[in-house]
Amino acid sequence: MVTNPRLSGQVAARAHHSPAAALLRKIEPFFAIGQVSGGPLLLASILALVVVNTDVGDAYIRLWERSISLSYGSWTISRSAAEWVNDALMPLFFLIIGTEVKREFVKGSLASLRTAIFPVAGAIGGLVVPIAIFVAFNRGEPTVHGWGIVAAMDTAFSLAIVAMFTTRLPGSVRAVLLAFAAIDDVFGLLVIAIAYTAQLDAWFLLLAAVAYGIILGLLRLRWVAPIPYVLLGVVVWIGVFASGVHPTIAGVAVGLLLPTSSRLSERRFAERVQQPLDQFKEARVAAEEAEDDAAAEQHHRRAQKRLGYIHEMTAATDEAAERLVRILTPWVSYIVLPLFALSNVRIHFSAELLAEAIGSPLTGGIVAGLALGKPIGFLAATWLATRVGAARLPEGVNWRMVLGIGGLAGIGFTLSLFIAELAFVDEGEIELAAVAILAASLVAGLFGYLVLWSAAAPVGSDEASPADAGSP
């Protein structure tokens, strides 16, 4: 999914007459409606940083810490407003990620086994190397428990940067990044489940598994009505949430189930609707020529029945996965992700904090793990996998682009901030981690952008240069 090409062409034409339009063309991918966009998340993060560092900062934080309770009879569950955002809304973001990555693996540029192994190998390298670097910095320190902070990347920001090269990079670059990000985030969620979950409730995990199995069964039966899937998806979320595992993993799991093919091909659609369409036209003409209201109403009802049939056949040509992504994406981009930033970005900048951060093994491990470990791990693991013949570069992708993808993987904003909240109790350590995550994300984002800019085709070209495709 890329920025709307017609809109891109319109903005490009305006750029010839207006410097402002040229600027808008650059930032357009950060606010694109058709894909998960990083622009609203960026603005919300900046706003949160500004507010937290004003006189109302403490009151602002207390607002997000205010408890919100849900009760049913004797059963009550209480969470802070920030925790409700993390637990109830963020799974929608990961639902989109799980859905999109399945589409890439099933029918996209990663559909072959060797191209599918490519991002998997990169994700393994992008997990092992950063963690090893972080542990090396924090060996013997109590902060070593925060190793999971460098395990995952921020998908929204990285995809927004890739979208800035809409027509200058092959679509397979975004596919590799998306697949790598999804696998990387799954690793991050597993880290949360294994390392930062105090206890697990097996009964609720069983409940989630049963609901998940029923969804699989309904898909096998080709059940069409969406309500059972929605209700069962909620049950999966409740089971994972109540078990002690972070419910974002439920979003990925359900997203991987969604069908990536339509129930009716366009050829079959044309065959099935031709006769009902003719009957609809006949009924409309008959209704207009009817001599009395009763006859007109009868013909009108027949026309509506044919129209309902055509509507259902039209809906059957749509992929369930694509339809869900299309519905959820604007909500996730403009509500869910900004709310996450507003509720989780809480860095009180001060000279003392920055001075402590410079010499802290915690901040050193995070910055080095994300900004260096991610690109090194991703590039090394994918190169090794291709050298031994287990994987191959997707079509159109060269090694400079791979390095750029690895650089963007160092943007660890969303999930890294969340893991920092789980890993540490001390507010000072959480703030140090947040400063390091912010610094690493800025460095990684700039590095990834510059590398992809150097690898992209010149402006006006429709495809990237195949240079550097032979070796890293």
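Assorted remarks:
- Working ranking of peptides 350-363, 420-433 by packing, defined as the average number of other Cβ atoms within 10 Å per residue, highest first, is 420-433, 350-363.
- Working from the Cα coordinates of the stretch 294-428, the gyration tensor eigenvalues give, after taking √(5λ), semi-axes of 50, 28, 10 Å in decreasing order.
- Equivalent ellipsoid semi-axes, the chain, via Cα gyration tensor eigenvalues times 5, rooted, Å: 42, 29, 23
- Evaluated at q = 0.13, 0.15, 0.19 Å⁻¹, a Debye calculation over the C-alpha positions of the stretch 296-355 (equal weights, vacuum) places log10 I(q)/I(0) at -0.66, -0.73, -0.83.
- Each of 217, 64, 442 was scored by the projection of its Cα onto the charge dipole of the chain, and the greatest displacement toward the positive side belongs to 217; charges sit on the C-beta of Lys, Arg, Asp and Glu.
- Under-5 Å amide H pairs with residue 80, H placed in peptide plane, nonlocal only: 68
- Spin-label model distance (nm) - residue 293 vs residue 221, 7 Å beyond Cα toward Cβ: 4.5
- Only the Cβ atoms of Lys and Arg (+1) and of Asp and Glu (-1) were treated as charged; on that basis the dipole of the stretch 266-315 about its Cα centre amounts to roughly 440 debye.
- Each of 370, 391, 350 was scored by the projection of its Cα onto the charge dipole of the stretch 304-410, and the greatest displacement toward the positive side belongs to 391; charges sit on the C-beta of Lys, Arg, Asp and Glu.
- Derived scalar couplings ³J(HN,Hα) [the stretch 120-135; Karplus, 6.51 cos²θ - 1.76 cosθ + 1.60; whole Hz; x for Gly, Pro]: 5, 4, x, 5, 5, x, x, 9, 5, 5, x, 5, 4, 5, 4, 5
- Using C-alpha pairs under 8 Å with a sequence gap of at least 6, the mean separation divided by the residue count of the chain gives a relative contact order of 26 percent.
- Debye log10 I(q)/I(0) for the stretch 266-315, one point scatterer per Cα, at q = 0.14 Å⁻¹: -0.36
- Taking every lysine pair in the chain that is 8 or more places apart or spans two chains, those with Cα atoms closer than 29 Å amount to 4.
- More than 22 angstrom apart: percent of Cα pairs within the stretch 35-149: 65
FYI, it's all coordinate maths here, none of it is from the lab. Quantities reported herein were computed from a predicted structural model and do not represent experimental measurements. Heads up, the Cβs are rebuilt from the backbone with ideal geometry, glycines too, and the neighbour counts pull from every protein chain shown.
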